[in-house]
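Take a look at the structure below.
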Amino acid sequence: MSASRLGFTVEATASGSQARAGRMQTLHSEVLTPLFMPVGTQATVKAQRPENLEDSGSQILLANTYHLLLRPGPEVFRKFGGYHGFTTWQRSVLTDSGGFQIFSLNEARDMSEEGAAFRSHLDGRKFLLSPELSIETQIAIGSDIMMVLDQCIPSTADEATARAALGITHRWAQRSLDARGASAQSLFGIVQGALFPELRRQSAGHLSEMPFDGFAIGGLAVGEEKSEREDICELTASLMPKDKPRYLMGVGTPIDILEAVHRGVDMFDCIIPTQVAQHGTVFSSRGIIRISRGVHRFSDAPLDPACSCPTCTRFPRAYLHHLYKAKEPLSWQLLGQHNIYFYHQLMREMRSSILEGRFGDFYREQRERLPAFDVDNPSGPKPRVRVAHDVMGAYRVHHQAGGFASIQHVDSGEIMHSHSPPMEEAQRLYIEQSRLQERLLSSDTSELIIWDVGLGAAANAMAAIACYEQLAEQEPTLPSMRLVSFENDLDSLRLALRNNRDFPYLRHAGPAGILRDGHWQSKTCQGLSWSLIEGDFLSALDNMAPFAPHLIFFDMFSSRSSAEQWSLEAFAKIYSYCTVRPCELFTYSCSTAIRASMLAAGFFVAQGTGTGAKTETTIAMTPARVSGAPAYHALLDSSWLEKWQRSSAKFPEGVAEDERAAFAAKILEHPQFRRES
């Protein structure tokens with residue numbers, strides 16, 4: 001067994017656990033384990049200044065070879081003497097080889113024994129990312145720890161696929177070692193094998209015979225269940241040399257890290273601390289906190305009373321809530337700073353508990369505390385925070401028991417199309433109810449305008465496009481259809497498009513075009529166009545007067561997550577743009593308060609068809625639509641009005657006490673109910 005260039009030593013192992021406290025020396029700094037490495041993919045940790053990272057206790061930053069190869073390029077690093085001279089960061093750096101990015105490219109690259117051939121998404125240049133080029137680039141970057149190039153596959157791959165990938169990984173590992181040559185930089189091998197214990201044993205045994213300075217557990221957090229990850233992690237760590245550091249790649253949340261330390265892992269990296277901070281989520285001694293919640297609006301409490309980071313010692317929750325609601329970049333910076341500090345403090349506490357012989361108690365206490373949700377304000381749904389290959393930004397792919405996939409909002413736990421396949425629900429709720437086919441065939445207007453509010457993963461938009469394209473094959477004289485989608489976070493569509501095997505309706509030119517250009521014009525149906533309005537929907541309405549809609553597909557996240565979009569003020573503003581022509585709005589919600597808001601805004605409101613677990617949905621119509629068209633929809637009647645009067649949720653959030661009488665009068669005197677009498 002060769003000695004590690006890192007001089008790694010295990011100082012203590014916890015009783016009744018595989019948790020260990022270690023120490024090693026890189027080319028730039030001494031490093032204490034267990035440790036967490038913030039991810040600085042593009043030679044920067046998102047929204048964080050280097051001095052913030054130093055003050056928080058960051059020992060190693062992770063940079064990505066694939067991205068730095070494309071920009072700024074190895075030649076820039078050579079000019080500046082590597083990463084440290086280029087960025088002024090003086091502590092240690094680990095570079096990922098680019099294997100995971102090859103995996104993420106999916107069909108946009110060609111795999112061979114030589115490497116992965118692909119084109120740069122920046123300028124179209126051709127690259128062959130081979131083990132030799134990966135190591136050459138990492139040497140130019142000057143990282144303290146380099147990673148071999150490996151072939152990453154989904155953890156749920158079949159055994160034949162996993163075995164074939166393992167062979168390539170082992171051959172590339174030897175080529176990576178050969179390419180390192182005389183460089184003083186450390187190099188880690190990566191154990192693969194998906195979820196097959198025997199393949200993990202083969203991989204660990206094969207790589208352990210090679211002179212690596214440490215070993216990584218690869219191929220996890222890319223699709224498997226939490227229990228599967230923990231079992232394979234424990235097995236793989238037990239097979240690795242005891243005198244070399246062990247690194248679990250791409251994991252994870254604080255509770256994930258605690259479980260992996262317990263199983264013998266020393267090093268971790270993940271984008272989660274800054275990723276969830278961008279969306280208002282923080283980890284704390286008081287549990288997982290969503291700063292977007294209204295409960296924090298007047299709170300003068302610190303984010304975490306047990307935390308001494310600059311965010312917690314200076315700013316109250318109310319200010320952080322305001323920054324997030326105002327979409328100020330400072331919100332991301334301050335929340336991210338706290339999350340990184342929290343991660344490092346957790347690692348320091350784990351290390352101390354191991355050295356002091358009390359890790360067992362610490363582990364049991366933290367297992368209960370870390371997954372908790374805002375123990376000071378426990379109402380509302382518990383967030384589901386996890387990381388996997390099928391995660392992007394605030395979203396992840398959720399595989400349903402019915403054999404289809406949906407997109408889930410990580411922080412709130414809300415799932416788009418949670419009970420029916422996306423296109424099936426879109427067809428039933430929006431296309432069939434709006435009688436889109438009939439409208440197009442019998443329209444007396446030259447252009448039909450649809451507002452798609454809440455683009456999400458584009459199921460509703462693609463259902464409308466499919467309807468038009470199918471009709472156009474038979475009826476070439478259709479009126480034009482202008483589809484306008486509104487969305488403030490395109491990661492849900494990007495994620496679904498990246499996983500289009502699970503979302504086959506996205507295998508179409510439209511989604512890629514709308515993401516690339518913000519507009520798509522069909523080449524086969526000249527009358528079909530699709531535009532994207534990115535940003536806050538209500539603000540965007542100020543420029544939409546020339547494009548008043550005939551139909552609105554209102555599919556925003558629920559009022560728990562997007563309260564402003566479901567408010568009385570929101571529906572009043574929408575109504576003001578709908579009175580130009582007869583208009584109908586369709587939505588999945590059947591909330592009493594939301595229906596009351598629509599009525600108070602001026603809409604007539606009808607009961608819509610059921611979908612999923614909902615027995616009914618909602619349709620809102622302008623008066624012109626009600627008076628000028630056949631009664632396709634059953635308007636809410638006096639029985640609903642009686643239900644509303646008895647309801648404890650009769651007034652929407654935001655209607656003040658002194659405004660409730662006037663609001664109630666609007667409902668009771670609404671022409672919809674006078675028509676019935």
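Throughout, read-outs are computed from the coordinates displayed, never taken from laboratory work. Bear in mind that the values here come from a model prediction, so they are computed numbers and not experimental data. Cβ coordinates were reconstructed from backbone atoms using ideal geometry, including for glycine residues, and neighbour counts include every protein chain displayed.
Computed quantities for the displayed model
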{"quantity": "Ascending count of other beta-carbon atoms within 10 Å, so fewest first, for Trp172, Trp644", "calculated": "Trp644, Trp172"}
{"quantity": "Within the chain, helix-based [θ] at 222 nm, where runs of 4 or more DSSP H residues each add -39,500 (n - 2.57), nearest 500", "calculated": "-11000 deg cm²/dmol"}
{"quantity": "Separation between Cα centres of region 247-279 and region 645-677, rounded to whole Å", "calculated": "49"}
{"quantity": "Peptides 367-375, 615-623 ordered by average Cβ neighbours within 10 Å, highest first", "calculated": "615-623, 367-375"}
{"quantity": "Antiparallel bridges, percent of DSSP beta bridges restricted to the chain (to nearest 5)", "calculated": "45"}
{"quantity": "Cα-based shape type of region 53-103, given that a ≥ b ≥ c are square roots of the gyration tensor eigenvalues and the cut on a/c is 1.5", "calculated": "oblate"}
{"quantity": "Sequence-distant residues sharing a close amide H with Gly22 (under 5 Å, placed H)", "calculated": "Glu11, Thr33"}
{"quantity": "Gyration tensor (alpha-carbon) shape descriptor, region 270-424, a/c threshold 1.5", "calculated": "oblate"}
{"quantity": "Stokes-Einstein D for region 325-366, Kirkwood Rh over Cα pairs, 37 °C, 0.692 mPa s (µm²/s)", "calculated": "274"}
{"quantity": "Kirkwood Rh in Å, taken over all unlike Cα pairs in the chain", "calculated": "27.4"}
{"quantity": "Rounded tilt (10° steps) of 568-578 against the dominant C-alpha axis of the chain", "calculated": "60"}
{"quantity": "Inverse of mean 1/r across different Cα pairs in region 9-369, Kirkwood, Å", "calculated": "21.0"}
{"quantity": "Region 422-636 - Kirkwood radius from inverse mean 1/r over Cα pairs (Å)", "calculated": "17.4"}
{"quantity": "C-alpha long axis of helix 329-355 to longest principal axis of the chain, angle in °", "calculated": "40"}
{"quantity": "Highest average packing first - 4-10, 277-283, 458-464, 472-478, Cβ atoms within 10 Å", "calculated": "458-464, 277-283, 4-10, 472-478"}
{"quantity": "Rounded to 10°, Cα long-axis angle of helix 159-180 versus longest principal axis of the chain", "calculated": "50"}
{"quantity": "Range of Cα positions in region 2-123 per principal axis (Å), largest first", "calculated": "51, 34, 30"}
{"quantity": "Shape category assigned to region 475-518 from the gyration tensor of Cα positions, a/c cut at 1.5", "calculated": "oblate"}
